[in-house]
Amino acid sequence: QVQLVESGGGLVQAGGSLSLSCAASGSFFSINAMGWYRQAPGKLRELVASCTSAGITNYADSVKGRFTISRDNAKNTVFLQMNSLKPEDTAVYYCNAEVKRVPWRAGSDYWGQGTQVTVSS
């Protein structure tokens with residue numbers, strides 16, 4: 001069993017900052033990519049940022065220059081620092097990890113429970 005436990009989020013005024021963290025626990029061989037997705041009411045879930053185990057990052061155009069993703073591989077934890085927040089960043093943010101339970105099988109996606117980020121104007 002693999003669990004992703006998120007923390008952080010909350011309410012902030014536009015222009016402010018928030019940070020999210022997500023720790024993976026359980027029995028597994030390795031974690032490939034870890035990342036953050038978000039889903040606003042009435043919209044599809046979208047990728048915010050991802051980071052491979054080698055530290056290669058990818059960002060949605062809408063957050064480039066404002067958000068920073070990082071990982072602590074030793075602690076199986078991924079972070080998202082969000083600066084210059086805008087009302088349109090309001091959404092439920094989900095942690096995602098591609099986890100290999102055993103070395104001879106491909107990884108599977110696991111999701112956190114989601115954490116609300118609300119940016120007031």
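The values are calculated or read from the model by the stated rules, or taken from the named source; none is laboratory data. It should be emphasised that the depicted structure is a prediction, and the values quoted were computed from it without experimental measurement. Ideal geometry is used to build each Cβ from the backbone, glycine not excepted, and the neighbour counts take in all protein chains shown. Ligands, DNA and RNA are excluded from the accessible area calculation, which covers all protein heavy atoms including side chains. Shrake-Rupley method; radii C 1.70, N 1.55, O 1.52, S 1.80 Å.
Brief remarks follow.
- At a probe radius of 1.4 angstrom, the accessible area of the range 30-100 per residue rounds to 48 square angstrom.
- Largest accessible area first, the listed residues F29, F79, F67 line up as F29, F79, F67 when surface is computed with a 1.4 Å probe on the assembled protein chains.
- Considering only A49, M34, P103, the residue lying farthest towards the positive end of the dipole of the chain is P103, judged by Cα position with unit charges set on Cβ.
- Shown in residue order for the range 61-76 are the 3J(HN,Hα) couplings computed by the Karplus curve 6.51 cos²θ - 1.76 cosθ + 1.60 at θ = phi - 60°: 4, 5, 10, 4, x, 10, 10, 9, 9, 8, 9, 10, 5, 5, 9, 6 Hz (x for Gly and Pro).
- Note on the chain: lysine pairs with Cα distance below 22 Å, sequence gap of 8 or more or different chains, count 4.
- Gaussian network model of the chain, Cα within-10 Å springs - most flexible of I56, I69, I31: I56
- Working note: Debye formula, equal point scatterers on the alpha-carbon atoms of the chain, no solvent; log10 I(q)/I(0) at q = 0.17 Å⁻¹ is -0.79.
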